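This report concerns only the one structure given below.
The numbers here are math on the coordinates, done by the rules we state, and not lab data. What you see is a predicted model, and the numbers here were worked out from it, not measured in a lab. Here Cβ is always computed from backbone atoms with ideal geometry, including for glycine, and neighbour counts include all displayed protein chains.
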Amino acid sequence: MTGAAGFIGSHLCDFLLSMGFRVVGLDNLSNGCLSNLSNSLGYSSFRFVRGDILTPEGWVEDVGLVDGVYHFAANPEVRQSTIDPLNHYKCNVEGTLNVLEFCRKFKVKHFVFASSSTVYGDPEVIPTPESHPIKPISIYGATKAMCEFLCQAYSKLYGFKCLILRYANIVGPRLKHGVIYDFMEKLRRDKSKLEILGDGTQVKSYLYITDALNATFKAYEKLVEEDYPFEIYNVGSMDQLTVKEIADIVVSRMGLSGVMYVYKPVTADGRGWPGDVKVMLLDTSKLTFKTGWKPIYDSRRSVEETVKSILLSQ
């Protein structure tokens, strides 16, 4: 597991260990933190390796032989990718190539790659199916698309099964980036006003972490049991929230009132930053048809539970 100490990665470690798997967690702790792994570290079947996917010589021997790899290490900041594209390219693309090389050399059987809805860019079809053309409009989305092509080529050339999961906005406990966390941090500093990037009408779906974990494992099980060597699934909720609706939820859950919203659009159509996708809703019918998975929480409940968990952790 790469990115083991990150938000999704740490929850996935906990989940796999609870299912009886042995897990080796790799992380350089640049974005993640060991406290996220407090549950996993209590298992004798878990081993943590501190290492950077950009310098595989520092961890390849420590990781050793494994049957499958969940690759969740990445620079997750979509907005920052516009400012520092080289960093995102190195971390996301070169890092993924190094992990794929590890899989090739050590004859790993199964590889799971955490991709993103951002690979679609501004979709022409809503909800957006996996068959939709890949047209990213952010550097982050472009790096994820490049990684998908690398995964597909390695799977074809070297014979290991590969699963690509295009996640919507995943939220929940331990979240330390994205619009919910950003709003809460701003309101802690100033309870009288809230800066909102964009015009507040951006509308996207939000999936709670437990639903994302169940989807991930069901998709993995399907990959293992069937003969196909390569598969792509969308993973997301079936509804949407606007950015303003998220602001309203955060303000309410923090017990605030009279907060003035200050909108900061950077494009004529009200986006929050260059490369911000204005509308996102994934078509998850393929995953439901193949595995029977459906999310338990809708977007609103996912955001509400996330705000609650962050408040409780402080």
**OP:** For Lys222, list the aspartates and glutamates whose Cα falls under 18 Å from its own Cα; do not include residues on the same chain fewer than 8 positions away.
**Re:** Asp67, Glu130, Asp211, Glu231
**OP:** Classify segment 35-192 as rounded, prolate or oblate, taking a ≥ b ≥ c as the square roots of the eigenvalues of its Cα gyration tensor: rounded when a/c is under 1.5, otherwise prolate if a/b is larger than b/c and oblate if not.
**Re:** oblate
Original post:
Of the peptides 243-249, 152-158, how do they stack up when ordered by the mean number of other Cβ atoms within 10 Å, highest first?
Top reply: 243-249, 152-158
Original post:
Pick from Tyr261, Tyr140, Tyr120: which residue has the top mean-square fluctuation in a GNM of the chain where Cα pairs under 10 Å get a spring?
Top reply: Tyr261
**OP:** Would you count, across segment 251-314, every pair of lysines whose alpha carbons are under 28 angstrom apart, provided the pair is eight or more residues apart or spans two chains?
**Re:** 7
**OP:** Would you list which lysines come within 26 Å of Lys90, measuring only between C-alpha atoms, while excluding same-chain residues fewer than 8 positions from it?
**Re:** Lys105, Lys107, Lys109, Lys135, Lys144, Lys156, Lys161, Lys176
Subject >> In Hz, Karplus ³J(HN,Hα) per residue of segment 199-204 (6.51, -1.76, 1.60; θ = phi - 60°; x = Gly, Pro) >> reply: 9, x, 8, 4, 10, 8
Subject >> Cα centroid separation - segment 4-50 against segment 144-195, whole Å >> reply: 17
Original post:
Among rounded, prolate and oblate, which fits segment 175-259 when a ≥ b ≥ c are the square roots of the eigenvalues of its C-alpha gyration tensor, a/c under 1.5 means rounded, and a/b larger than b/c means prolate?
Top reply: prolate
Subject >> Derived scalar couplings ³J(HN,Hα) [segment 157-171; Karplus, 6.51 cos²θ - 1.76 cosθ + 1.60; whole Hz; x for Gly, Pro] >> reply: 6, 10, x, 9, 6, 10, 10, 10, 10, 8, 7, 6, 6, 8, 9
Subject >> Equivalent ellipsoid semi-axes - Cα gyration tensor, the chain, angstrom >> reply: 31, 22, 19
**OP:** Once you have a ≥ b ≥ c as the square roots of the Cα gyration tensor eigenvalues for segment 1-64, tell me rounded if a/c is under 1.5, and otherwise prolate or oblate according to whether a/b is larger than b/c.
**Re:** oblate
Original post:
Taking H as built 1.01 Å from N, whose amide H comes closer than 5 Å to the amide H of Asn169, not counting residues under 5 places away?
Top reply: Ser205, Leu207
Subject >> Label-point separation in nm, Glu221 to Asn39, each point 7 Å along Cα→Cβ >> reply: 1.8
